[in-house]
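Colleague: One structure, as structure tokens, below. Some questions next.
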């Protein structure tokens, strides 16, 4: 089968016209809001059916009313951090009881910390000590409110854990926070 020169030229012309039309069309684009942020329409995200009933309950829980509130002053930060910490401590106490873990305030070389210890330490963990530094980013989870992961490590892993309570940023002397945190674990 042979293709004539006229057929080839017609196909090339048709391809060029199609490409020109395609490139000249305007496509809908996401609208850009001032500051370069993009607005995404709200949508419902279903709770996955591949997780346990307990995890489904956690995932389906409503977001904290302050999840996107950014305080403007140190006093507003302190009030938000304190309210969040109080709520967290209230939830941690039953978790520690259920996991049979005792949380005790201690001081290590002048640094506040918490000894988090299960009722029974696993035999292979008797000579082990885990050091926990909470994820509050020098802003959140002060005091006992920062011991959540340590309680889980102690209760589920049957380890003794030291949870370091480093100084938070809303308090004076942030510059020494990481040094004091290091001193507590060194």
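Values in this text are rule-based calculations from the coordinates and carry no lab data. None of these values were measured; they are calculated from a predicted model. Note that we place each Cβ from the backbone using ideal geometry, even for glycine, and neighbour counts take in every protein chain shown.
Colleague: When you count, for each residue, the other Cβ atoms within 10 Å and take the mean per peptide, how do 102-114, 40-52 rank with the highest first?
Modeller: Numbers: 102-114: 15.0, 40-52: 7.2.
Final packing ranking: 102-114, 40-52.
Colleague: With label points built 7 Å along Cα→Cβ from the Cα atoms of residue 47 and residue 61, find their separation and express it in nm.
Modeller: That separation, rounded to one decimal, is 1.2 nm.
Colleague: For residue 129 and residue 37, what does the FRET efficiency come to when R0 = 41 Å and r is the distance between their Cβ atoms, rounded to the nearest 0.05? Intermediate results must be reported in sequence, preceding the final value.
Modeller: On the way: r = 45 Å, r/R0 = 1.10.
Once the sixth-power term is evaluated, E becomes 0.35.
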